[in-house]
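The values are calculated or read from the model by the stated rules, or taken from the named source; none is laboratory data. Here the structure is a predicted model, which is why all the values come from computation and not from measurement. Cβ sites come from the backbone with ideal geometry, for glycine too, and all protein chains shown count toward neighbours.
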Amino acid sequence: MTTRRHFLAQTAIAAGGFALSASRAWSQQPAAGPEQNQGQVAPPSTTGLVASMRTAARTTPIHHTKLTDTLYMLQGVGGNMVVHLGPDGKLLVDSSIATAAPLLTHELSKLDPQPLRLLVNTHWHFDHTDGNAAMHDAGAFIIAHENTRTRLSSAQHMDILDTTFPAAPTSALPQQTFGDRENLYYDNEPIDLVHAPNAHTDSDIFVHFRNSNVIHAGDLFFNGQYPLIDANSGGSINGMIRGVDQILQVVDEKTKVVPGHGALGDQSSLSAYREMLTTVANRIEKLKLSGQSLAQVVAQHPTADLDATWAKGRMTPEMFVTVVYNTL
């Protein structure tokens, strides 16, 4: 789906997927002041947000779900992870929260005795990369899209959290980067790392385990939830739709699709997610092209018939409408 307008470069509703792990106490009041976009959702209070996530990650169990004989999905406080097991050692996709590292290492050791050798980041956000340094210190070589290293190398501000994340330590930075795609062969498993430009961020990739017919979609896919789109990092609603389309081109009815957040998905759930994204984008585009302001569009509740199905995460309908409006 391509709209008739380019997305705006700036938006005050930009967000990272890690907010899904935080408190739901996000303000839904319109921003005040004639110079601001009326109807826009105010940023949440973020005092202690990252600290609280790190505290929770210390004790929150990490659970695994078997996908194949060699692949497992791991879920904890941060974004969903996938681990590949084999004689060449473990390959891990995403690293969760730094303070979860002991629990993550323990869970990995329960699956098999081989050491961790390789870590792949699906994008730069905190809840997917905060554990990078710990995994690197444990022996992992880190691979990611080039924009992931760029963004981790400098401070990044997230408007919706009113928070600036400092540059990551050197040990947390990807040691190998790529542009459009990278192909790995790990324990005879061909693994495609594919970039989806300007989607959730400008650094998103999905990871396709071809022989196993498993995909880690990263935050291109929030299963059963309205997604967050980080416009501060170059994300956009149309980019999200194009990214989902890239994944749909390589899935079939038997593919297991691991979302960045939410339960394990498949071709059907990913297609339903794509339909929701395009429906909301098309509705809001028509309203925006008719000259309606953000406040007017939010007031019309254009997602009302979808909310029972999709408003189950931390992204409220008002916030999702705002980010879609601002990135069209």
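Worth a mention:
- Test: E107 is of a type in the set (D, E) and farther than 13 Å from S203 by Cβ: yes
- Any hit, the stretch 280-300, residues being within 22 Å of the chain's Cα centre (by Cα), farther than 16 Å from I237 by Cα and at pLDDT 95 or above: no
- Where I142 falls short, out of the listed (1) of a type in the set (A, V, I, L, M, F, W, C); (2) under 15 Å from I97 (Cβ atoms); (3) part of a strand (DSSP E or B): (2)
- Those strands (runs of 3 or more DSSP E) of the stretch 184-230 in which at least 2 residues are among the acidic types (D, E), considering only elements entirely within it, cover 189-195.
- Filtered by the rule that a residue be closer than 21 Å to G89 by Cβ and not aromatic (F, W, Y), the stretch 178-204 gives E182, N183, L184, D187, N188, E189, P190, I191, D192, L193.
- Pairs with Cβ under 9 Å, 6+ apart, first in the stretch 310-323 and over 20 Å from A295 (Cα atoms), second at pLDDT 90 or above and in a helix (DSSP H, G or I): W310/Y273; W310/M276; W310/V280; W310/P317; W310/F320
- When residues in the stretch 159-184 are screened for being small (G, A, S) and loosely packed, with under 13 Cβ neighbours inside 10 Å, 1 of them pass.
- The listed residues are A155, A196, and the only one of them that is closer than 30 Å to E318 by Cα, without any contact (Cβ under 8 Å) to a residue 60 or more places away in the chain, small (G, A, S) and out of contact with any Ser or Thr (no Cβ under 8 Å at 6 or more places or on another chain) turns out to be A196.
- When the stretch 231-276 is filtered for residues that are within 14 Å of the chain's Cα centre (by Cα), over 21 Å from Y325 (Cα atoms) and not in a loop (DSSP other than H, G, I, E, B), the ones remaining, listed by number, are V257, V258, H261.
- The set of residues in the stretch 98-124 that are outside any loop (DSSP other than H, G, I, E, B) and either touching a Ser or Thr at 6+ places or on another chain (Cβ under 9 Å) or of a type in the set (V, I, T) (or both) comprises T99, A100, A101, L103, L104, T105, L116, L119, V120.
- Any hit, the stretch 161-176, residues being in a loop (DSSP other than H, G, I, E, B) and either under 21 Å from D245 (Cα atoms) or among the hydroxyl-bearing types (S, T, Y) (or both): no
- Top-ranked residue of the stretch 279-328 - restricted to ones that are among the hydroxyl-bearing types (S, T, Y) and part of a loop (DSSP other than H, G, I, E, B), ranked as surrounded by the most Cβ atoms within 10 Å (Cβ to Cβ): T303
- Only one entry in V251, V297, V280 is in contact (Cβ under 8 Å) with a residue 40 or more places away in the chain and closer than 21 Å to H200 by Cβ, namely V280.
- So T163, is it polar (S, T, N, Q) and more than 26 Å from H106 (Cβ to Cβ): yes
To keep it simple, each residue is scored yes or no on (1) under 29 Å from N211 (Cα atoms); (2) buried (at least 22 other Cβ atoms within 10 Å of the Cβ); (3) touching a helix residue (DSSP H, G or I) at 6+ places or on another chain (Cβ under 7 Å).
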site: M53; (1), (2), (3): no, yes, yes
site: A56; (1), (2), (3): no, no, no
site: Q75; (1), (2), (3): yes, no, no
site: N80; (1), (2), (3): yes, yes, no
site: D88; (1), (2), (3): yes, no, no
site: D94; (1), (2), (3): yes, yes, yes
site: P102; (1), (2), (3): no, no, no
site: H106; (1), (2), (3): yes, no, no
